[in-house]
1. Output ³J(HN,Hα) for segment 379-393: one whole-Hz value per residue in order, computed from phi by the Karplus curve 6.51 cos²θ - 1.76 cosθ + 1.60 with θ = phi - 60°, and x for Gly and Pro.
2. Per DSSP H run of at least 4 residues, take -39500 (n - 2.57); add these up for the chain, divide by its residues and hand me the 222 nm value, nearest 500 deg cm²/dmol.
3. So what are the radius of gyration and Dmax for the Cα set of the chain, in Å?
4. Of the cross-linked pairs LYS2/LYS182; LYS209/LYS247; LYS33/LYS157; LYS321/LYS443, which ones have a Cα-Cα span greater than 23 Å in the structure shown?
5. Using only the C-alpha atoms of segment 2-164, find the volume of their convex hull and express it per residue in Å³.
6. Using the Karplus curve 6.51 cos²θ - 1.76 cosθ + 1.60 with θ = phi - 60°, what ³J(HN,Hα) values do you get for each residue of segment 453-459, in whole Hz, with x for Gly and Pro?
7. In nanometres, what is the gap between the two model label sites at THR422 and MET264, each 7 Å from Cα along Cα-to-Cβ?
8. Past the 16 angstrom mark, what percentage of all C-alpha to C-alpha distances in segment 394-464 do you count?
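Every read-out reported here was derived from the displayed coordinates using simple, explicitly stated rules and does not represent laboratory data. Note that the structure is predicted; figures quoted are calculated from it, not measured. No Cβ is skipped: glycine too gets one built from the backbone with ideal geometry, and neighbour counts run over all protein chains shown.
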Amino acid sequence: MKIEFIEKRLKDIEADIELIVVAKKDFEHRFTKEYKDILEEAGFSGGQDELCLLAESKKLFVGSDSLRAKDIRPAIATALRSLIGKKYKSVKMASYLSHDKCTATLRAQAEAILLGTYKFEKYKSEKSDDFEAIYISSEEYGAKKVNIDAAKRAISKGLEVASAVNLARDIVNTPPDDFYPKIMAKVAKDIAKNEGLEVRILKEEDIKKEKMNALLAVAKASSHSPRVIHLSYKPKNPKSVVSLVGKGLTYDSGGLSLKPSDFMVTMKLDKSGATAVLAILQAVSRLKLPIEIHGFIGAVENMIGGNAYKPDDVLTAKNGKTIEVRNTDAEGRLVLADMLCYAQQEVKANYIIDMATLTGACVVGLGQYTTGVMGNNQKVVDKMLYAANVASGELAAHLPFNRHLKKTLKSSIADICNISNTRYGGAVTAGLFLEEFIEEENKQKWLHLDIAGPAFVEHAWGENPQGASGAGVRAVTRFIEKLSTSEGEHY
Ligand code: BES
Ligand code: ZN
Ligand code: ZN
């Protein structure tokens, strides 16, 4: 599919259909006015993401609450998604600028095109046709002047980030029998080769040497041996160093604390944190950001069997802390405990961000659209919330730690227990468990993102089709982009 920014008026661009965003029910707009009556007759009221296809006029209208990126992005994505499998092979649309000189909306348009036209048909015998071309005209919706160079830069950034999101979607959607730890390592090697990154893969023997016994316990009953992956992007004179740590459970059956059947379906999603880390590395290196990024991935499968790790086991993590296992389904935090220790041993970073589909409790607390952000430094938390909610179009909310919940992780026989003794606040207690594995000097530099809610989409919403969403890729890439522009602000 070709995506092109064209310096021509809309009417001079040949396409099967024109997409028109109706901002704030703006029926009096020059693009919409002529169709006002028919749109109203069709019952179109211009609400966010509401669609009206006028086949005869070859126009598709979509409502948007405003001209800002956060509204335009889902509107355009929803409109394009509605055309998948239809006869329209080429689409044209105007440029949208929320205000003069600000190309954020154009970047969002580009993102929306790739995110909205995404489909996962690898396992379908019959595939739907692809779009041939999607054109953005330099003619602006409100007749504002578009700076051509700035527009092209914004669009190319949007396309780079969205293709990283789609890479993450492809990986997460792939079934567990075709995507296990060894494959995760292979994909990491491929990305490293294509993008010129450094990569190091630890196999079981190497992982043993690193004393990552918590991670190894989770992996024990699987026929697929685990992998620890370290990918790094090292630009010259970096302004900051960021370590990303991803939960890569290529399947989570729950282990001996087996999940009920209904809850097990979709657990291929449990590699979403790790996958986001891979995708972010691709995006950051393609955007050539002046930030050194290290991606650490624990790729493991949580299964059952005669040699499975058990509730009642006591594990010794890489940093020597002992963990009483009371539930083998709280496996992500065991893998991350060792991965966080490993990441801190290998790299002295200015920020450490872990990403994981860690708890069902986070989905209960925030809903399925929102990432839970946890950490000890409010300024760093706020940076992430801004990057997600304002800049990237993802949704995120802060979940605060407190000393009372911390106490609920106490164990009578080991240093800490892998589950809390209360059924409340499960997302926060999981975050507090991870904090035990963050060294004192790094406590303020660390963020934990629980993406269990948005990682996998039951019913399409906004720019996300059913299935894997690529949650976290846009938000964290934006966080890193912001570090490149704010001079020397470390915590
Ligand atoms: N991978 C799951 C969390 C999850 C649940 C992700 C639903 C996405 C959707 C995680 O490993 C898990 O099973 N967590 C348990 C923790 C509990 C045993 C303390 C949970 O959330 O139930
Ligand atoms: Zn689990
Ligand atoms: Zn899990």
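1. So the J values, rounded to whole Hz, are 5, 5, 4, 4, 4, 5, 5, 5, 4, 6, 6, 8, 8, 9, x.
2. Value at 222 nm, helices only, nearest 500: -10000 deg cm²/dmol.
3. Cα only, the chain: 23.3, 75 Å (Rg, Dmax).
4. The answer is LYS2/LYS182; LYS33/LYS157.
5. 109 Å³
6. x, x, 4, 9, 9, 6, 10
7. Rounded to a tenth, the inter-label distance reads 3.3 nm.
8. 58 percent
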